[in-house]
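A short write-up of the structure that comes next.
The values are calculated or read from the model by the stated rules, or taken from the named source; none is laboratory data. Computed from a prediction, not measured in an experiment: that's the story for all the values here. Don't worry about glycine lacking a Cβ; one is built from the backbone with ideal geometry, like all the others, and counts go over all protein chains shown. Heavy atoms of the whole protein, side chains included, go into the accessibility calculation; ligands, DNA and RNA do not. Shrake-Rupley method; radii C 1.70, N 1.55, O 1.52, S 1.80 Å.
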Amino acid sequence: MTSVGDAPAAHAEADTSADNSAPALKASVLVEALPYIRRFAGRTVVVKYGGNALAGTSDHDALALFAEDIVLMRLVGMRPIVVHGGGPQISDLMARLGKEPEFLDGLRVTDAETVEIARMVLKGQVNPQVVAAINVHGRFAVGVSGVDAGLIRATARDARLGFVGDVTEINPEVIQGLIDDEFIPVIATIGSDESGQAYNINADTVAGAIAEAIGAEKLVYLTDIEGLRRDVADASSLIRQVTADELDELVDRGIIAGGMIPKVASCVHAVRNGVHRAHILDGRIAHVLLLEIFTDAGIGTMVMLERDEPAEGIPE
Ligand code: ADP
Ligand code: MG
């Protein structure tokens, strides 16, 4: 029988044991991170932060947590580069301006007015939001758009889509300069053609192209689902590891749809062009970047060129 008087004692006991184990747990987490910190020191990681991840109901908290992860990566010697989307925010402003978004095969039809709206939202709203969230922690982030120093050269994809661009060339000098100076580039994915015409470019595609151009170690997509599913309707069908060839087959079988198509295409292209690993992670999980990069717990989907044994237990 438990008397009222026993309860505080029981609590006190529980608290004491928690107090004893908490420092040990914290220490073990830090020690677990050590080989990863050593492995990734000086390495470049391109992180694409989805517009949907930003647009969620708790968008402010999600962005603040994301910013902490990026700053921590930078402070332990990694070189993070952030590429952000903004689709929902563009649709939002269009709605406020009374303009109906129109899609063709999942791509936004972008007339002259729409590309202006896209540029305003990406470079004027989303980009400074991400930059400011990171710079709460110090003087790290610098916002650039694909127009700066010819970073993203583009050409029209299809006349019916208007100013939707395909990447023709990445000129990474401006971001190379920034990371050499230990800044964190935050990139808005507006590109321009030779005449200076602006184009809206899929942020997934840009992230992959930049990862390749800069010789990144990792390409990471933060999205609104736990990773790649074998069956998009079945949450238990998460694919934990997959090779580029296996992904080609999944694409052929029509298993990859909608917003996942440009991510998967970029992952496949990137690992075939020198990027060591690509990851598709759930941006809704708090500190998912830290969990993936600095702990033994594999999370989300990891894409590799081929399945190979890690040399002498060096973490991926
Ligand atoms: P983001 O803003 O991160 O680019 P998208 O909506 O463009 O987000 O892309 C992610 C979406 O892709 C998921 O929410 C999911 O509905 C869709 N999707 C299509 N095929 C798959 C698949 N095989 N596995 C997981 N997600 C998929
Ligand atoms: Mg998308």
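Do the conditions hold for I299, that is, is it open to solvent by less than 10 Å² (accessible area, probe 1.4 Å) and either within 20 Å of the chain's Cα centre (by Cα) or closer than 17 Å to D69 by Cα (or both)?
Numbers: open to solvent by less than 10 Å² (accessible area, probe 1.4 Å): no; either within 20 Å of the chain's Cα centre (by Cα) or closer than 17 Å to D69 by Cα (or both): yes.
No, not satisfied.
Taking the conditions exactly as written (in contact with a Ser or Thr (Cβ under 7 Å, 6 or more places away or on another chain), at negative phi and surrounded by fewer than 18 Cβ atoms within 10 Å (Cβ to Cβ)), does R284 satisfy them or not? In short, no.
Quick one: how many residues across the range 29-55 are in a helix (DSSP H, G or I) and more than 16 Å from ligand 1 (Cβ to nearest atom)? Even if it seems obvious, please write down each step before you answer.
Step one: of the range 29-55, the residues in a helix (DSSP H, G or I) are 29-40, 51-55.
Now drop any that are not more than 16 Å from ligand 1 (Cβ to nearest atom), which leaves 29-40.
Residues meeting the conditions: 12.
Restricting attention to the range 83-98, the residues that are out of contact with any strand residue (DSSP E or B) (no Cβ under 9 Å at 6 or more places or on another chain) and either within 14 Å of ligand 1 (Cβ to nearest atom) or open to solvent by 40 Å² or more (accessible area, probe 1.4 Å) (or both) total 7. Six or more apart or on different chains, Cβ atoms under 6 Å: show the pairs whose first residue is in the range 122-150 and in contact (Cβ under 8 Å) with a residue 12 or more places away in the chain and whose second is polar (S, T, N, Q). Every condition considered, the pairs that remain are K123/S145; V126/Q89; A141/N135; G143/N127; G146/T189; V147/S192; G150/N171.
Every residue, every condition in (1) surrounded by 17 or more Cβ atoms within 10 Å (Cβ to Cβ); (2) within 15 Å of ligand 2 (Cβ to nearest atom); (3) closer than 24 Å to E116 by Cα, yes or no:
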site	(1), (2), (3)
I187	yes, no, yes
N200	yes, yes, yes
D204	yes, yes, yes
A213	yes, no, no
A244	yes, no, no
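In summary, P80 fulfils each of the numbered conditions (1) touching a helix residue (DSSP H, G or I) at 6+ places or on another chain (Cβ under 7 Å); (2) more than 27 Å from A156 (Cα to Cα); (3) open to solvent by less than 50 Å² (accessible area, probe 1.4 Å); (4) not in a strand (DSSP E or B) with the single exception of condition (4). Note on the range 103-143: residues that are β-branched (V, I, T) and assigned to a loop (DSSP other than H, G, I, E, B) amount to 2.
Annotation: G227 fulfils all but one of (1) open to solvent by 20 Å² or more (accessible area, probe 1.4 Å); (2) of a type in the set (G, A, S); (3) within 16 Å of ligand 2 (Cβ to nearest atom); the unmet one is (1).
Between R43, R39, which is within 18 Å of the chain's Cα centre (by Cα) and open to solvent by 20 Å² or more (accessible area, probe 1.4 Å)? Checking each option against the conditions leaves just R43.
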